[in-house]
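Please treat every number below as a calculation from the coordinates, not as lab data. Just so it is clear, the model here is predicted, and its values are computed rather than measured. Cβ sites come from the backbone with ideal geometry, for glycine too, and all protein chains shown count toward neighbours.
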Amino acid sequence: MTEIAAESMRATHDWSSQAARRRVKRRYAADRRLQFYGIAAIGTAMALLAILFTSLIHAGIAAFTTTKVELAIFLDPTQIDREKPAEANYRKLVRGAFKAYFPDVTGRSQERELYKILSNGADYIVRDYVVANTDKIGQTVKLLVPVSDPFDQLYKRIIPRQIDALSNDRIILFEALKQQGVLSVVDGSGVAKTTVYIDPSKVPLEGGLEAADYDAMVKEGLRSLFLNEYSRSYEEIISDAAAGNLKALVASDPSLVGKTIDVELPLAANYDNLLLAGQATMRNPRFSSDDEFAWFDSLEERGLIANPFTWELFFNADSRFPELAGLMGALSGSFLALLVCFLLSFPIGIATAVYLEEFAPKNRITDIIEVNINNLAAVPSVVFGLLGLALFLNTFGMPRSAPLVGGMVLALMTLPTIIVATRAALKAVPPSIREAALGVGASKQQVTMHHVLPLAMPGILTGTIIGLAQALGETAPLLLIGMNAFIPSVENIGLTQPAMALPTQIFSWADSPERGFVSRTSAAILVLLGFLILMNLIAVYLRSKLERKW
Amino acid sequence: MLSYLLLALLVLTIAAYYAGLAKARSFAAATGPHKSHHSLAGYHGAFVAAWAGIPSFLLVVLWLLFQGPVVDQLLIASLPVERIQNLDAGQLNLLVSEIKSVAKGNIFGEPDEVVLAAAERYNSWNAIASWAMVASVLSLTVVALFVARSMLAPRFRARNHVESITTILMITCSLIAILTTVGIVTSLLYETMRFFSMVSPLEFFFGLNWEPQIAMRDDQVTAGGAFGAIPVYIGTLLIALIAMMVATPIGLYSAIYLTEYASDRLRAVVKPLLEILAGIPTVVYGFFAVLTVAPAMREFGELLGFSIAPNSALAAGGVMGIMLIPFISSLSDDALNAVPQSLRDGSYGLGATKGETITRVLLPAALPGIMGGILLAVSRAIGETMIVVMAAGIIAALTLNPFEPVTTVTVQIVTLLIGDTEFDNPKTLAAFALGLVLFIATLVLNVIALTIVRRYREQYD
């Protein structure tokens, strides 16, 4: 019976029929589709990685150089005391030297604008130079001092001199009015045609036509152009002169009062430019006058502007001025925190792993410990920050913002990584090693300490470096214990001194409003990524060179 | 002072080692090598060093932990009663910190006499405590050194003693993992209880209004602050959902392609590149979201004619999704690889195409592992902090619109605690309540995920 059924099915199935071929085709198409999805997914991931790195490099590369201006400063011995060189008025010296380039600049307000080209830190740079080279007092020295952030950005072509004066929705509004045919050019300037009702109620009894509220009439007229979409801010499209024009018109013909008339209201300057020239631009508000551009251009023409590699990015302390801000505080804070983290997590992690892997009896307590370690690895980092804040800072009264506390919190977070890596490395050591050592009479601890642990060390070190690399990038717990202190000098570096770490520095720079901090932030990120890549390369090297395959 | 003390302790410990070593060598010289003494000379040294070093070091740690609180208590007890009887806890804290800052030499304005006198007392007590620590630690070290050294004898089982000390040390170290968990749970619970004594749990769990500002003046409108955390949870889930919608398809399809279709060469290139995504610190992703993704989205939205907020849930969630891609792809990779080859062979034997084998055989078989991976990624997403702190909003809006800014649990924790550490108002304590919720949520997700993964892996082993 079943044989017959199978027989008949086999007989009815024609593999070469149209339908069967179509089905096979469809099945292979589905297969190719799945492959395509896979390639598309990988392509998307790779593209996102590429975009991430390109945008960071693109934004960050500029911060590795600083625009500087060469000053020829006469270190006047009458002004600088050789005994106390730090106390002279360097601001005056620097400004005097800079002013000498522009003999035709006069007047206080012009001078003030001129000095805006120089960075606020120029005085200190000259002071530090003089303190280090007291023998140069009395000579004229040529020094490169940084220019202020807007000019740095300008020289690097990051910000433009002119920006669009009108926002996008204003331009859309303008285009809509143009479509309606409201706008036209009369006598070389743009006007908006509209109707205005010369409202008798707006002409006061006292004062008459002179005191009438023409401004309100113009606005009423404008309202008719936009109907229900009207917003007060649209009034800026009409020049302030419109009311005056209307007044003059009514004064010349008082019979207009009470009538609705067609008028041509002059456009405001930006809209006028937009109508006549097709674009409306204004000076970038970061610069206070066009003279500044001229002065800067003349410096550039005279070859006084340079854009050298900026070691200050690495060796300066933090600053409110982007052109002066450096990473020294962050680098030292991160180094100290990682040092504490390493000193705590490395021995504790190894001891825990060795105990659990080699000595611990299998019982409930060791089970609990293992589950605990697995769970700790998954606890969100911000919770470790809460622990640090509540326990280390509040209960134990440890100093806020200190690398010591940061390192302790990071150590707790790094422990699971090191423990897991160490256990894997210990597991990889073959039992024959242990048995041989036991066979020649070593105690169990001697077996572990003298034979197993040294053989597992490359694996342990690899895991430790990867754990430290993770700790280097951790931000949230450090924020909670306050390791984002603003430290404008690098003199007080210590385990219990307030400090900054590299990732928290990135966070606080990213929050700063100055444009220059965008590239500083990206540059700091590139430095951080550089360290991470270096650490991972060391880990890969250790793994490939030292780890033995059994 | 402390570093010198620790240095002295280190020197003494090394000296103790050599003292033990020398004594043990003198036995060996007296009795001849390998004759009658039990342990190698090094173990005798290590024994003395351990006794000299470890108890003293523990004493230093304990002293440092408790000196501050004890001196604070003494300080408060020494203040004149009429000065402090009308102060609440916060004002008392303020007074104590004023005294401390005066004691450090930071005098602003004209502190009153009580404060000046207290600061003087504070300084002198601290000095006494420090010197007492040095004296007691050093004397403990020296006494322990000599006692331990006097115990050495040819038949003394130094190795066994040292080994049991090592074992105790190792057990102590492995207890640190438990202590950390206990520390997290107790500190979160304690602060949360204090929070719930000020704000009703009902409001916190079911309230729809989250405005944790506290009053600067008594007559301010927002005086009490509102602590209904539902909008915060909704925002967290919305961002996590967006992140998973980005990460799951990309991660899963990448894993399918890499395990089943890709050549070894391609796999060798792509897998490490995906791992790079996992190694990038989250603060970098946050900045990427602010610098590139959010402006790009806003322009795209403008192009289509609707507005996307600069700190929209979409930007934060999308970038978080990028971060989670390698997470999902590597866990799915593991799950797919764990499916035995025999299942593949059986499917091919029946005439299935590769695609059919994957969708009808491998994916169902690997589903528990993949689900576990997705749950782990969700737990990552709700615990992720820096991306949302930088790219998501602060205002808690009750919305599911991905183009609007929303806030998350982690954002609130960070914003509530940055720069403000007075622990007496519901605003800072609310951060701990949120932290507890976050801790429990991630813990539950992880336990479920690991259970699923473990239970179904056994089927094939």
- request: Taking the dipole about the Cα centre of region B:226-457, with the C-beta of Lys and Arg at +1 and of Asp and Glu at -1, give me whichever of B:T292, B:A377, B:G351 is farthest to the positive side.
  value: B:G351
- prompt: Taking Cα atoms, how many degrees apart are the long axis of helix A:403-428 and the longest axis of chain A, rounded to 10 and kept between 0 and 90?
  reply: 40
message: I'd like the distance between the alpha-carbon centres of region B:81-121 and region A:392-410, rounded to an integer number of Å.
response: 24
- line: Whole-Å distance linking the alpha carbon centroid of region B:237-291 with that of region A:455-469 is 25
field: Computed E for B:A29/B:I165 - FRET, C-beta separation, R0 30 angstrom, nearest 0.05
entry: 0.70
statement: Label model pair A:Q162, A:Q18: point-to-point distance (7 angstrom along the Cα→beta-carbon line) in nm is 6.9
statement: Here the relative contact order (percent) of chain A, from C-alpha pairs under 8 Å and at least 6 apart, is 16
query: For helix A:364-378, what angle does its Cα long axis make with the longest principal axis of chain A, in degrees from 0 to 90 and rounded to 10?
result: 30
field: Inter-label distance for A:A100 and A:V185, nm, one decimal - labels placed 7 Å from Cα along Cα-to-Cβ
entry: 5.1
- prompt: Which order do A:F342, B:F306, B:F57 fall in if you start with the one that has the fewest other Cβ atoms within 10 Å?
  reply: B:F306, B:F57, A:F342
message: Cut-off is 10 Å between beta-carbons; in what order do B:F196, B:F27 appear when sorted fewest neighbours first?
response: B:F196, B:F27
- prompt: Across 10 Å bins from the origin, how do the percents of Cα pairs in chain B run, short distances first?
  reply: 4, 13, 16, 17, 17, 16, 11, 4, 1, 0
query: Each residue of region A:46-62 in turn: what ³J(HN,Hα) in whole Hz from Karplus with 6.51, -1.76, 1.60 and θ = phi - 60°, glycine and Pro shown as x?
result: 5, 5, 4, 4, 5, 4, 4, 5, 5, 5, 5, 5, 4, 7, x, 4, 5
field: Nitroxide proxy distance, nm - points 7 Å out along Cα→Cβ at A:A294 and A:T281
entry: 1.8
Kirkwood-based Rg to Rh ratio, region B:1-144, C-alpha trace: 1.28
query: For region A:68-155, treating each Cα as an identical point scatterer without solvent, what Debye log10 I(q)/I(0) comes out at q = 0.12, 0.17, 0.25 1/Å?
result: -0.36, -0.70, -1.27
field: For A:T65, distant residues with modelled amide H under 5 Å away
entry: A:T310
field: Likely footprinting exposure, A:I533, B:I452, A:I348, fewest C-beta neighbours within 10 Å first
entry: A:I533, B:I452, A:I348
message: How long are the semi-axes of the equivalent ellipsoid of region A:328-546, defined as square roots of 5 times the Cα gyration tensor eigenvalues? Whole Å, largest first.
response: 37, 20, 14
task: Write down, largest first, the equivalent ellipsoid semi-axes of region A:168-283 in whole Å, where each equals the square root of 5 times an eigenvalue of the alpha-carbon gyration tensor.
output: 27, 14, 12
task: Check every DSSP H run in chain B and write down those whose alpha carbon atoms cover 27 angstrom or more along the long axis and whose mean Kyte-Doolittle hydropathy is 0.0 or greater.
output: B:2-31, B:41-78, B:113-151, B:158-198, B:230-256, B:313-338, B:363-383, B:426-457
Cα centroid separation, region B:131-168 to region B:313-371 (Å): 58
- line: Flagged as over-length at 24 Å C-alpha distance, from A:K444/B:K23; A:K99/A:K142; A:K219/A:K259; A:K202/A:K247; A:K136/A:K156, the pairs are A:K444/B:K23; A:K136/A:K156
- prompt: Taking the alpha carbon gyration tensor of the protein assembly as shown, what are the square roots of 5 times its eigenvalues, largest first, to the nearest whole Å?
  reply: 60, 46, 31
- request: Sum -39500 (n - 2.57) across every DSSP H segment of at least 4 residues in chain A, then divide by the residue count to get the 222 nm mean residue ellipticity, nearest 500.
  value: -18000 deg cm²/dmol
field: Other-chain or far-sequence residues with amide H under 5 Å of B:E211's (modelled H)
entry: B:A226, B:F227, B:G228
